[in-house]
Each structure stands twice: as structure tokens, then as C-alpha cells.
Amino acid sequence: MNLLAIDTCTEVCSVSLSAGGVKISRFVKDVDKKSGLILPLCDEVFAKVGIGVSELDGIIYTRGPGTFTGVRMCVAVAQGLSLASAIPTLGFSTLEVIGFGAAKKYNTQKIAVALDARMGEVYWGVYENAKLQSEVLKKPNAVTKLSADFIGVGTGWGVYQSELLKQTKVSKFKADFYPQAQNLIELYLRKNNTFNNKLPLPKYLRNNIVQKSLK
Amino acid sequence: MSVEHNFITLGIESSCDETGIGLYATKQGLIAHRLFSQVNIHAEYGGVVPELASREHIQRIVPLVKMVLADANLNLADLGGIAYTAGPGLAGALLVGAAVAKSLAWGLGINALAVHHMEGHLLAPLLENLQPKMPFVALLVSGGHSLLVDVRGIGCYKILGQSLDDAAGEAFDKTAKILGLGYPGGPALAKLAEEGDESVFKFPRPMTNRPGLDFSFSGLKTFARNTFIQHPQKKADIAKAFEVASIQTLTIKCRRALEQTGYKTLVVAGGVSANLALRKRLDIMGENLKVAVFYPRQEFCTDNGAMIALVGHLRLLQGQCDSDNNINIKPRWSLEELLAV
């Protein structure tokens, strides 16, 4: 199977291309306008693997949550590439791919993902037993109560460290932990998913973004 | 390129609250276009909400592209290039169009080109059968811009004057809001003005009593507010006085620009160019000065994908295209920075 995975939903940008037993990935962090680099990164991995977009069997993307602009960049690129050659797609939660990556790295089945959502809130997901149990937008002092054997990952743990530690009882965390496109491919294959021909669309979690005019 | 080759350009517009898609071909000119207007979505908030605009664009662009291709009985493989609005405009909204356009072009292996939104408006009259000849003076008046431009050729633009505060369309919308006409209120204000008496109130003609081609409309809006506070029953007369003052100010500046350049052609574009009272006034001025005045058809006065397809087509045919695959936008971008064709 020839699979392309892309992610630009948070502070990082990554692509991964798997074809004919070869997997080439690129990951960029701390670069200005990083998500605008997604197509040059695609250029690199396609050139290395030696196939064209039209030879893909599917495109896997993160569909949010994350920064609004980053989420839309990722989904819009998935839309454009999919439209070009009628390639089916599948979107995964950013929290799920982070949880999956952390579970693999730390060899545990108990991961608490918190992404900084600004405005005093986090995008919160509990990844347990190889599954994202839920994804919600929460105040740090209102997230799920967990146990000390969970590991916290994601930028939210850096910004709201004391509130999250107090609320969850988690004792270990890694704030500097990001989604990676290569994990999207593993996630797709591991869960025996199927692609679809629906238009890729974002899932923001924060939908209360404006107040109606009083006039 | 062979003259036999029918190069087809897809245009994508997403700079504000309209999702516009157009197809322009060498042989037939404009072959299809569609628009999804978000006006009703933003109306309940009293103005454009940038985040809502971006959220709509990402749901609308691809379905509209498919519809436009179906309208023209074409496939993606028929496209020669893709043009997209890269600025000026709302950053989040621009980014959606740019990302879809560039990834689609990349996937198809064809060139993409960043187009200046105001150049789209400037050249929209070229979508009509009767087209203006360059050089000409262009008055671009919309909710976001008020510009007088010396157009010597495609890409050869010199800004002669611009609004120092509110754009003309913005002043129309804000004054309409003051009068309780809702959003966007410009067209509603123009309609109400038809019932007003021009002799009841005399509004100032801002910046017309001194030389220069710059505009200022915020004082006019404030004048309307103060008049409304004193005379809340005289909405139609206030609307009329505001419209007459705005139009006369625009007309005076157009006359000056034409006299300064010596050009015999005026192009009027942007959302406010749909205002019939403005057209009537400028037509009279044109007759007096022996100047030909051109407007886009009503549906191309506001934002649309057809004008982006046209500009992109003209430039792509000359070999211009984005130099790399980075997805970049230019929310602030001057017309004077463009490359000549």
C-alpha cells in the first residue's frame, strides 16, 4: 500500500510516505511559518521514494484539534492532494496520534494528552488501551481525574503544569511531545481502518468563537 | 505556446467572506464561475467574523471547484494552471484558498500563481465584451479599500490616492448600521436614500477643499451619526445626504485624477461600484469630460473567482508562476509591488 500522512495541526509540521516497504518521513520544528513548508516536505519524500501522488492508495491526515490555522492548513492540503487524483482519505484526531506515539515511546497504555488551547483551556484526551477514550475542550482544573501511572504529554502540560498535576494526580509528563506523521501511518495500519471519499474536514473542539451583536 | 492550445486557468478567491471559483480559457474567455456568499452567516454578528469566514471557506472551495468543472464539462486534467488570491485580505481566509490551490496544483503537476485581490477588481471590466483600453484611471471602492490607481498596463500600477481611514464601502456599511439598517447595509442605505430629500441636510465633502487624491470617509460617518442623534426621524434624508456627499467626493477625486493623468478612460470597480447613483454621477462626469467610463457587470463588482481566474490566466500565459511550493499569503500587499506583464 502506498500511503501519505501529513500533519500541521500544532507547532510542528511533518510528512511521511510509505510505499513498497520503504517509509520516508520529515519532521520540522521551530521554524517560522512551518506549516507552509508542507509541500516542499512532500516534494522531498516523494522524490526519495520515487512515486507520484496519483500512485497513492490513501492520504492520512490530522483533522484537529490544534491551532485553527494549522488545522485548516492540514485539512486543506489533504483536500487539494485528494482532489488532484481522487485519492481517498482518513483523518485522525491530533490527540489520538499524540497518544499513540507516546504509548509506543513510553511502552504504556495510559497516556493523558493535553494541548494548549489558549484562553485558559486545553484540548484534553485520554488515550488508554490503544484507544482515544474521549476528546474535549476543558479548563485544566476540570479535566479527568486519573492515577499516578498515567503519563502526561503535550504542550498543555507545560503551560498548565500545576493545575493539571493537581487535578489528575499524574506524576510524570513530557510537554515537548508532538504529533508525527509517521505515527499516523502506523495508527492507520494497526487499527485496520478504511479510507473514504468524503471531503476532509476539520474538527476544532472549540466552536464557541464569537458572540452575537447585541444591536 | 501554440495559439491552438486552449490554456485553462482555475481561479480561487477566499480573501474575505465570499468563496468564489472561476474558469478562464484562452479561446472562450470566462467559461464558468460560482460564488458562495457568507453574507447571511456574518449578518447576525454585525460584520465579518474572520474565524467564521475561514471555517466556511474550507467547507466550500472543493465542492465549488467540482461544480464549476461540471458546469464547463471539464476535468481537472484540462487545467493549465491554478490562480489563487494571496492578498490583501483576512490571513486565515486567504490561507485556506492558498493551501487548497497550491496542493491541488502540486498534485496535478501544474503551475500555481498568487494573485493580488485588488488587481482582480481592477481588471474585472476585462471580463466584459466591451473592454477599456490602457492606460486608464481606476477607482477601486469596496468595503476594504478606496483607491485611485494609474493603470499604465497590466502590472504597471501607481496609487494616486487612497483612503486615510475608513474605506468608502466601510463608511456606507457603518452609516447604515447607525441608521439601524443591519449588515451589510450599503445596498440598504442606497435604497433608503432613494426616498430621501437631498436639500434637507448638507454633509461635508471630506478633503475636497485641498489638493490631492486621498480620501477620508470616517468624518462623514461621524457627521451622519451626529445628525441622526439630532434628527432620528429623518433616516431617509440622512441616507440621501450621506450618499450624495460620498458620491460627490468620489467624483471630484476621479475628475482630478483624470485631469492629472490626462487619460480618457475611467474604470470603476469594487463593491461600491454596484451603486447605481454613483454610476449615474460618474457617467455624467464622463460625458462632460469626454471620458469613457467602464464598470464590471453587477455580479463582478463584489468579490468573485472569475476575476482571479482572469488575472491568473493573463499572468500564467506570460510564464509567471509561484517560484516555490511554499504556501505563503500576503495579507498586506501593495498593488505597486506587482510584476508587469
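The values are calculated or read from the model by the stated rules, or taken from the named source; none is laboratory data. Predicted model only: the values in this text are computed from it and were never measured. In this analysis, Cβ positions are derived from the backbone assuming ideal geometry, glycine residues included, and neighbour counts consider all displayed protein chains. When the accessible area is computed, the model is the full protein with side chains, heavy atoms only, and any ligands, DNA or RNA have been set aside. Shrake-Rupley method; radii C 1.70, N 1.55, O 1.52, S 1.80 Å.
Evaluation of residue B:327 against the conditions (1) open to solvent by 40 Å² or more (accessible area, probe 1.4 Å); (2) closer than 28 Å to residue A:37 by Cα shows that the sole unmet condition is (1). With respect to (1) open to solvent by 40 Å² or more (accessible area, probe 1.4 Å); (2) more than 14 Å from chain B (Cβ to nearest Cβ); (3) among the charged types (D, E, K, R), the lone exception for residue A:135 is condition (1).
Note on region B:60-90: residues that are open to solvent by less than 50 Å² (accessible area, probe 1.4 Å) and either without any contact (Cβ under 8 Å) to a residue 40 or more places away in the chain or facing chain A (nearest Cβ under 8 Å) (or both) amount to 5. Report yes if some residue within region B:2-12 is buried (at least 17 other Cβ atoms within 10 Å of the Cβ) and either under 27 Å from residue B:182 (Cα atoms) or within 14 Å of another protein chain (Cβ to nearest Cβ) (or both); otherwise report no. Yes, region B:2-12 contains a residue that is buried (at least 17 other Cβ atoms within 10 Å of the Cβ) and either under 27 Å from residue B:182 (Cα atoms) or within 14 Å of another protein chain (Cβ to nearest Cβ) (or both). Scanning region B:102-122 for residues that are within 14 Å of chain A (Cβ to nearest Cβ) and either part of a loop (DSSP other than H, G, I, E, B) or not polar (S, T, N, Q) (or both) yields B:102, B:104, B:105, B:106, B:107, B:108, B:109, B:110, B:112, B:114.
Looking only at residues of region B:21-59 that are among the polar types (S, T, N, Q) and open to solvent by less than 30 Å² (accessible area, probe 1.4 Å), we find that the one that is nearest to residue B:96 (Cα to Cα) is B:54. In a residue-by-residue description of region B:300-318, the property of being open to solvent by 40 Å² or more (accessible area, probe 1.4 Å) and within 14 Å of the chain's Cα centre (by Cα) applies to at least one position. Selection over region A:141-159 of residues that are surrounded by fewer than 12 Cβ atoms within 10 Å (Cβ to Cβ) and closer than 10 Å to residue A:176 by Cα gives a count of 0.
The set of residues from region A:174-215 being assigned to a loop (DSSP other than H, G, I, E, B), over 10 Å from residue A:60 (Cβ atoms) and more than 14 Å from every other protein chain (Cβ to nearest Cβ) comprises A:175, A:176, A:177, A:178, A:179, A:180, A:191, A:192, A:194.
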